[in-house]
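*Asks:* One structure, as structure tokens, below. Some questions next.
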2 protein chains.
Amino acid sequence: MGELSTLFAPQRVAVVGASEETGTVGYAITSNLLAEFEGETVAVNPNQEEVLGLDCHDSLTDLENVDVAIVVVPATVAVDVVRDAARAGIENVVVVTAGFSEAGSDGSAREAELVEIATEHDLNVVGPNSLGVMSTGVGMNATFGPRTATPGTISFMSQSGAFITAVLDWAGDREIGFRDIVSLGNKAVLDESDFVREWGDDPETDVILGYLEDVADGREFIEAAREVTRETPIVTVKSGRTEAGASAAASHTGAIAGSDEAYEAGFKQAGVLRVDTVQELFDFASILDGQPLPDGDGVAIVTNAGGPGVMTTDAVGDAALRLAEFEDETLDRLSEALPSEANIFNPVDVIGDADVERFATAIEIALSDPGVGMAVVLACPTATLSFEALADETVRLQAEYATPVAATLMGGSGTDAAAATLREAGIPTYFDPARAVRSLDALREYAAIRDHDPVEPTTFDVEYDRAREILTSAVERGRTHLGVESMDLLDAYGISTPQGEVVDSPGDAERVAREIGGEVVMKIVSPDISHKSDIGGVEVGVPQEAVRDTYEDIVVRARNYQPDGSIVGVQIQEMVDLDEGTETIIGVSRDPQFGPLVMFGLGGIFVEVMEDTAFRVAPVAGSEARAMLGEIKSAPLLSGARGRTPADRAALVETIQRVSQLVTDFPAITELDINPVVAQPEGATAVDLRLTLDQEKL
Amino acid sequence: MGELSTLFAPQRVAVVGASEETGTVGYAITSNLLAEFEGETVAVNPNQEEVLGLDCHDSLTDLENVDVAIVVVPATVAVDVVRDAARAGIENVVVVTAGFSEAGSDGSAREAELVEIATEHDLNVVGPNSLGVMSTGVGMNATFGPRTATPGTISFMSQSGAFITAVLDWAGDREIGFRDIVSLGNKAVLDESDFVREWGDDPETDVILGYLEDVADGREFIEAAREVTRETPIVTVKSGRTEAGASAAASHTGAIAGSDEAYEAGFKQAGVLRVDTVQELFDFASILDGQPLPDGDGVAIVTNAGGPGVMTTDAVGDAALRLAEFEDETLDRLSEALPSEANIFNPVDVIGDADVERFATAIEIALSDPGVGMAVVLACPTATLSFEALADETVRLQAEYATPVAATLMGGSGTDAAAATLREAGIPTYFDPARAVRSLDALREYAAIRDHDPVEPTTFDVEYDRAREILTSAVERGRTHLGVESMDLLDAYGISTPQGEVVDSPGDAERVAREIGGEVVMKIVSPDISHKSDIGGVEVGVPQEAVRDTYEDIVVRARNYQPDGSIVGVQIQEMVDLDEGTETIIGVSRDPQFGPLVMFGLGGIFVEVMEDTAFRVAPVAGSEARAMLGEIKSAPLLSGARGRTPADRAALVETIQRVSQLVTDFPAITELDINPVVAQPEGATAVDLRLTLDQEKL
């Protein structure tokens, strides 16, 4: 694919399938283009002489210097048209036509052909099955939607065309402005990562919004978004979050999305703000677009209404924000400026008889406190307050102090003029104070994303060849499910494992136990037995003298359990002191979009019953692994809660990173479960292992 | 207090402090009354001859047949005016005047006097420090707010006057109608429970809304609301939820609210729907007001837009709702009615080119499916769909099938006319589908509240006198912190405890241990040692032969730990088999508003680190105790998860109820902690106890 800049700033756009017949897509797009497009619109339709006053061309191949071709011909001929575009040297093609991969096997074949042509000719293809594209910078509405966007600085991509239509209709009434809009369609060629990159480079785009049902390539998306979000915030809905939603999404766009845990982790790692509702999407967009980033998480609330002030304070408590604590000087100044019945402590209540002067004075004093990172101005209608005057003062003070402000005007249409003044100055207004606070919290979150050091996964010095050999030889022996006998694999990647060996005779068992010394752990090794403990296949604390008998016992139990099962032998393992340690689990599954997804949690009931887990997409950097340890609710148990010995968190962090490196290096490992990893006061030891191999990928 | 009906339907209202001076409260209330009140407005002001055309009276004592007196005179004389009202036989007094308990100790004294008069004369007093009252049934606006409510069926009480002003301003533009409105003020006499009862009896009130910062009497509120919510839904904001919010509330109304756990539990037990935002308050009110209750939790979604359909499905997954699964007949009918590209499965997608006929046909087929309990009609703007026609059809079908419907019209002002049609028919509309689904979920929740059997706490046959004797004798000995030595108290209330006795000599220790037989548990008993285990004061599994030495060891350790501490002796206790049991905790704290609050959770880290707890206000009924067991996240561990022996849930439920009865019978027990209660395969045994007594209350 080439650069996308000409897609959004073309000089010449051709509509293939242009039509004069109202109600057709070809008509809608042509007339939408003719309405405001600053460049030239060219009509292509071999069956027409003229369309809406434009001379009609027979084919793209007749044309020169076309920047974008919009394809609205029937599916059966659309691929040929794209081929024509490539031949004519056109870089950008928007395939509006439906009837591709969303429509059965014929369509899928057609889409494969389309991808082939695009790859061969390095074509930028939007769609197919797209509503089209818009760019207010050049007045281009190349969609068949009924409404054109108001110019602005939000760029928006959507995997639902209807969602774009709905949003434009709604946003138009609210003066929310857009820069570029793209309906992603089936994302056969261009996907969200491409547009994230493009808009990240576009100085006119201040906020990137998305409605996504899946992400085509999770890893690529993380990389693109991680870079872009250092300059430009990305806010996106990822729908199909729930089981029912995912199945609805699959039937809508054919999107087979991976687990929501992967999206949640991936978006977090990419610095993408994820929202669940349309309201939040635009609430966050508006404040990110209009307000500066805060330099602290302390919120000042200034209000003329006590009760709503309490609700706002609750919302601050719900968010990752806190109520700013005023300096003495601030309190003195407020005390001097306000009547004695007023509340000078945060939330500041200037009380019901305040006029705009008193209200504004309180706002100014609050904004001048160094502990105030952001502010909510919250007004209820009274006989003494002019909303318009308050809006003017708020705009002035926000500009003067360059502190982000959200306004809550708790009234009806009497607040409209004031809201318009505030909106024009980039200050969002709401009726519900909870929304104002949540929006400020989004600012805080994005500020934290920007502050973050660049994430660089550590590459440890490991024995890659040895690990490959272990996996290859397992596959050669027809094994795809490995267990404790393959602990060497972990050892090769520098992960601590107990001393041990798999033996297949009582004599060898005794010999290995002697080498280890003291009491040992003995576990059956069989690819056919997954719940070893349940069948009596594990014995802990076996004294040297009992090793021989225990060997026999374990093997007999395994035989009884599964007479035909294959028994590799018995693992003799050094005892790991569980009294001094905390059992944790590190697991890896493979997500269709994001690849290896690393899970961390505490062992036993914590992961399985309490679902107390943290996820990250591999490769996992040190800072990300550290965050995983802090994210679980049971985290205090790693830090010595309830009289426990604190665990070696650094060792756990390194173990997570090394596991991440292992599964990144070997895509053949489709699932991996190290349970438990015992976190000790010093070090962390992997005690048991289960992994699944896909031999095709080795 | 008398009946409140004359407060909201008076024939004669007197304003004491009526004034002609614009900008005063006396002017505002008098002119608001004169505007629309169907009854007679009487002005009282000894300093005026006439106010706004009304003859002015010197005092209430000159008047007869006044139903309501509105008091707006200064605080210093307000109490005298209330006394006059009582003398004149006026039943209802609304004290608008501020300067009472919210304003220091003079004000508090004044308020106490007010309460005294009210009690003596059985007066209904609203306030003081109130915005006033409104009743659209008689056109009465006896508030000093700028706007009068539109008539409707929502009755609304608020602990914030500004909140009423704000809501009326906003609701007026949205045609949300009200029946009665009361600004509760300081709630010196009448509080939320009184209005809940009044509106519960009022056939014209369909929904009760509240903005509360505290509840004056939690138990009374639960009883009142529990009865009322069987007929009339109650939705309320309880602000001051968070720590910061509670402290803001305290400075706003002086409300010292108890723990949010108590409110959460109390509202649940009362059947009150609690919301956190203004938006939800009115979203829930509108749907409860306008739509019938569902007869199932299956939701049908019918849309012309795939993407928004997926978002709606996600919202269903987030709520306690499920996507309805259509019958074969429904699928056949949809398949016949819709084009092949449509999705006949729920969410039904009639696709973008649908006209109203196709859309309505799909809605009708969906509503006729017996598994559909409610429906979301979700439309995006297209060239083929008329929103107005869709609204008409939706209204018709909703009425025909009597199934609750929420509409989502995802567009701008082009949807206004359609929204108005829907609203008029009681069908709420939203732009954001998540709000539509949450509103339907509120309907489901309220339907479940109504379906619920009346909650009757069981009264067990207990040895009350024996329990009283144990507590009294402890207090007589100067003891207010009791421990394991008082396990008899639990025994008296029929709670299983291990066999055991407190002894004060090694010889007695041996004797008791022999009586118990086998290994025993030994614990130091000292009011000065609370963390017995930490100082080596507990020994488990002591064999008979070691009892004497262990006695000495434990006592020595206790002496070393606290040389001056008082040592009662050593408890010798039967061993409780923990391997077969699950450790749980039952705790009780006392909430200032709700009284005894019973907590249940699993022992060890579950309560302390994972905060996995369930709360109910005592007395706790059997069904409520059962719900507590299911509410904790670790609930599966009681049912045999991960190979555990299932616990005797019935025994736990009974233990919770018996504890509830104990703390209800003895208000002197201010705190109680039974940790652990071991839940066994058969039975549940309380193993250790700590409780705190308030001897004043015994």
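Read-outs throughout are calculated quantities, based only on the coordinates presented, and are distinct from any laboratory measurement. All figures in this text were calculated on a predicted structure; none of them were measured in a lab. A quick note on method: Cβ atoms are made from the backbone with ideal geometry, for glycine too, and the neighbour counts reach across all protein chains shown.
*Asks:* Take the alpha carbon gyration tensor of the range A:138-262, find the square roots of its eigenvalues, order them as a ≥ b ≥ c, and report rounded if a/c is under 1.5; if not, report prolate when a/b exceeds b/c, else oblate.
*Replies:* Note, shape of the range A:138-262 comes out oblate.
*Asks:* Once you have all Cα-Cα distances for the protein assembly as shown, histogram them in 10 Å bins from zero and send the whole-percent values.
*Replies:* Reading upward from the zero bin: 1, 7, 13, 17, 18, 17, 13, 8, 4, 1, 0, 0.
*Asks:* Tell me, what is the percent relative contact order of chain B, built from C-alpha pairs under 8 Å that lie six or more residues apart?
*Replies:* The value is 8 percent.
*Asks:* Read phi for every residue in the range B:5-10 and hand back ³J(HN,Hα) as whole Hz from Karplus 6.51 cos²θ - 1.76 cosθ + 1.60, θ = phi - 60°, with x for Gly and Pro.
*Replies:* Along the range B:5-10, the couplings run 4, 6, 4, 9, 9, x Hz.
*Asks:* Only Cα pairs under 8 Å and at least 6 apart count here; give the relative contact order of the range B:185-326 as a rounded whole percent.
*Replies:* Rounded, it is 21 percent for the range B:185-326.
*Asks:* Please state, as a whole number in µm²/s, the translational diffusion coefficient that the Stokes-Einstein equation yields for the range A:582-697 at 4 °C and 1.567 mPa s, with Rh defined as the Kirkwood radius across alpha carbon pairs.
*Replies:* Answer, rounded: 92 µm²/s.
*Asks:* Let me ask you something else. Roughly how many Å is it from the Cα centre of the range B:89-159 to that of the range B:324-396, as a whole number?
*Replies:* 51
*Asks:* Return one quarter of the surface area of the convex hull spanned by the alpha-carbon atoms of the range A:249-386, equal to its mean projected area, in nm².
*Replies:* 11.2
*Asks:* Kirkwood Rh and Cα-based Rg: tell me the resulting Rg over Rh for the range A:499-575, rounded to two decimals.
*Replies:* Over the Cα atoms of the range A:499-575, Rg/Rh equals 0.94.
*Asks:* Neighbour counts of other C-beta atoms within 10 Å: give me B:Lys532, B:Lys633 arranged from fewest to most.
*Replies:* B:Lys633, B:Lys532
*Asks:* Return the inverse of the average 1/r over all pairs of distinct C-alpha atoms in the range B:99-154, which is the Kirkwood hydrodynamic radius, in Å to one decimal.
*Replies:* 13.3
*Asks:* Which whole-number percent gives the relative contact order of the range B:489-551, counting Cα pairs below 8 Å spaced six or more residues apart?
*Replies:* 35
*Asks:* As an exercise, identify the trypsin sites (Lys or Arg not before Pro) in the range A:415-504 lying in DSSP coil whose Cβ has no more than 13 other Cβ atoms within 10 Å.
*Replies:* Filter output for the range A:415-504: A:Arg477.
*Asks:* If Lys and Arg each add +1 and Asp and Glu each add -1, what is the summed charge of the other residues whose beta carbon sits under 14 Å from the beta carbon of A:Asp106?
*Replies:* Residues close to A:Asp106 contribute a combined charge of -3.
*Asks:* Check which residues have an amide H placed less than 5 Å from B:Ile585's amide H, if you skip close sequence neighbours.
*Replies:* Excluding prolines and chain starts, which carry no amide H, the hits are B:Gly601, B:Leu602, B:Gly603, B:Val677.
*Asks:* For the range B:554-662, which GluC sites (Glu not before Pro) pass both filters: DSSP loop (anything but H, G, I, E, B) and at most 14 other C-beta atoms within 10 Å?
*Replies:* Counting only loop positions with at most 14 other Cβ atoms within 10 Å, the GluC sites (Glu not before Pro) in the range B:554-662 are B:Glu580, B:Glu611.
*Asks:* Take the Cα gyration tensor of the range A:43-195, multiply each eigenvalue by 5, square-root it, and list the three semi-axes largest first, rounded to whole angstrom.
*Replies:* 25, 19, 14
*Asks:* Would you kindly work out the equivalent ellipsoid of the range A:41-123 from its C-alpha gyration tensor and give its semi-axes, the square roots of five times the eigenvalues, largest first in whole Å?
*Replies:* 23, 15, 9
*Asks:* Continuing with this model, one more query. For A:Gly137, which inter-copy label distances result when the label point lies 7 Å beyond Cα on the Cα-to-Cβ vector, reported in nm to one decimal and in ascending order?
*Replies:* Here A:Gly137 shows inter-copy label distances of 6.5 nm.
*Asks:* If you take every residue apart from B:Asp173 with its C-beta less than 14 Å away from the C-beta of B:Asp173, what net charge results, scoring Lys and Arg +1 and Asp and Glu -1?
*Replies:* Cβ neighbours under 14 Å give a net charge of -1.
*Asks:* Which residues' amide hydrogens lie under 5 Å from the amide hydrogen of B:Ala684, considering only partners 5 or more residues apart or on another chain, with H built in the peptide plane?
*Replies:* Here the answer is none, since no amide H 5 or more places off falls under 5 Å of that of B:Ala684.
*Asks:* Also, I was wondering about something else. Report the Cα-based extents of the range B:237-306 along its three principal axes, largest first, to the nearest Å.
*Replies:* The Cα atoms of the range B:237-306 stretch 50, 28, 22 Å along the principal axes, largest first.
*Asks:* Work out from phi, with θ = phi - 60° and the Karplus expression 6.51 cos²θ - 1.76 cosθ + 1.60, the ³J(HN,Hα) of each residue of the range B:447-452, listed in order in whole Hz, and give x for Gly and Pro.
*Replies:* Once θ is set to phi - 60°, the couplings for the range B:447-452 become 4, 5, 4, 5, 5, 4 Hz.
*Asks:* Between the range B:485-534 and the range A:625-664, what is the C-alpha centre distance in whole Å?
*Replies:* Their Cα centres are 41 Å away from one another.
*Asks:* While we're here: Restrict the search to the range A:181-270; then list the GluC sites (Glu not before Pro) that DSSP places in a loop and that have at most 12 other Cβ atoms within 10 Å of their Cβ.
*Replies:* Listed in order of number, the matching sites are A:Glu231.
*Asks:* Using the Cα atoms as the points, what is the convex hull volume per residue of the range A:442-580 in Å³?
*Replies:* About 195 Å³ per residue, rounded to a whole number.
*Asks:* Could I ask something else about it? For the range B:536-543, take each phi angle, set θ = phi - 60°, evaluate the Karplus expression 6.51 cos²θ - 1.76 cosθ + 1.60, and give the result in whole Hz per residue in order, putting x for glycine and proline.
*Replies:* x, x, 10, 10, 10, x, 7, x
*Asks:* Between A:Ser5 and A:Glu120, take the C-beta separation as r, use R0 = 30 Å, and let me know the FRET efficiency to the nearest 0.05.
*Replies:* For R0 = 30 Å, the calculated efficiency reads 0.85.
*Asks:* If you don't mind, another one. Please state the shape class of the range B:294-448: rounded when a/c is under 1.5, otherwise prolate if a/b exceeds b/c and oblate if not, all from the C-alpha gyration tensor.
*Replies:* Rounded, because the longest to shortest axis ratio a/c is under 1.5.
*Asks:* Roughly what angle does helix A:328-337 make with the longest principal axis of chain A, taking Cα atoms, 0 to 90 degrees, to the nearest 10?
*Replies:* For helix A:328-337, the angle is close to 30 degrees.
*Asks:* Right, here's the next one. Between their Cα atoms, which of B:Lys238/B:Lys532; A:Lys633/B:Lys523; B:Lys187/B:Lys697 are more than 28 Å away from each other?
*Replies:* Those over the limit are B:Lys238/B:Lys532; A:Lys633/B:Lys523.
*Asks:* Does chain A come out rounded, prolate or oblate by the C-alpha gyration tensor, with a ≥ b ≥ c the root eigenvalues, rounded set by a/c under 1.5 and, if not, prolate when a/b is larger than b/c and oblate if not?
*Replies:* oblate
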